[in-house]
Every structure is written in C-alpha cells, then in structure tokens.
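Every number here is computed from the coordinates shown, using simple stated rules; none is lab data. Treat the numbers as computed from the prediction; the structure is a model and nothing was measured. Because the Cβ atoms are built from the backbone with ideal geometry, glycine has one as well, and the counts that use them run over all protein chains shown.
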Amino acid sequence: MTPDLTLEMQLDLALRLTVGLILGAIIGFERELHRQPAGFRTHSLVSLGAALFTVVSAFGFSGDSVDPTRIAAQIVSGIGFIGAGTILQYRGHIRGLTTAASLWSVAAIGTAAGAGLYVVATVGTILILVILSILDRVEAVARRRLQLPPEGYLLPDDEVDEGKSEDLP
C-alpha cells in the first residue's frame, strides 16, 4: 500500500528528481565534450533513474516489512551492468573505464538527490567534475614531463609490436 502524500511533499519529490537530472546532466556534458561512449543523455538518465528509484523506495511503499535500502543496493548492481557496456577493447587497449566509473558515480549522485541530500549531491558533482577535468590535465602534463607512453591499457595476451602505434584513434 502506498502512503498518501501531500501536494507539497510531491513537489519536494519532483524537485529531488530534477536536481538528480540536472547534476547528472552536468557530468554527462563533460563526458560528451570528451566524446566518451556515454555522454549527456546517458548520464542524465542514470542520475534521474537512480533518484526516481530512491524516491519510490523511500516514499512509494509503507509498512513494517518494507526495507527502502534494498532498492538502493540494486541501483549499485544495475549500474554495474550499464557501466560494463561502456568498456571497450580496441587493438589491445581498454577504453571506457573512466566513463563506467562516472556512470557509477552519477548513480550515487542521483541516489543522494533522491534522498533529499542536495548539498551532498552537489558537492559530489563538483568533485566528480574536478576528477574528470582537472585531474585529466594534471595527468597529461605529468605524462609529457615524465615521458610516459600514451594513455591506454594493454591486455595480458597482447604483445607490444615495436612498429605498431600504441595510440588509439
């Protein structure tokens, strides 16, 4: 049985969904700018979906035998499946791990927004953007200064061919 919610409470829940969507969209926009496999729409939907599941879990059901944390646990499992779809193997390199991690993080942002933790969701969004943008630049500078090879991950069965370029397209 679902509880009766006042119009004011339903508007608050709608705000939670909107905040989750907007914060996920901000991170998705950054991923879109870097032409990653999951961008603006995907991150927006993941964050909104997590917020919606959280709201439904917390406010959609009532009773003594209801455990709202069960749905939050399933958000984590479900997003792992979506994140796995963004990880690609190309010419002995693995790509998309950061995008998969950002999707996982965006699900947490949506969950926080759905729970009404606006400050936590906003600070989480800012920290994710710091990791995705600023640390990307720090890594690029460090690679150049330390003369490290181009970014990429070799798979265990791949052999490095001296004449083959390690750069990804």
Neighbour-count ranking for V55, V123 (other C-beta within 10 angstrom, fewest to most) reads V123, V55
Quick calc, the stretch 7-145, dipole around Cα centre from Cβ unit charges on Lys, Arg (+) and Asp, Glu (-), nearest 20 debye, gives 880
What is the spin-label model distance, in nm, from H34 to I131 if the labels are put 7 Å beyond Cα along the C-beta direction? 1.1
Fewest-first ranking of T6, T42, T54, using other Cβ atoms within 10 Å as the exposure measure: T6, T42, T54
Everything considered on the Cα gyration tensor (a ≥ b ≥ c; rounded for a/c under 1.5, else prolate if a/b is larger than b/c, else oblate), the stretch 12-96 must be described as oblate
Inter-centroid distance (Cα atoms) of the stretch 18-65 relative to the stretch 116-139, Å: 15
Other-chain or far-sequence residues with amide H under 5 Å of G96's (modelled H): L88
Quick calc, D64 & A140: beta-carbon distance into FRET formula, R0 45 Å, rounding 0.05, result 0.25
Taking the simple approach of a point 7 Å from Cα along Cα-to-Cβ for both L148 and Y118, what is their distance in nm? 3.9
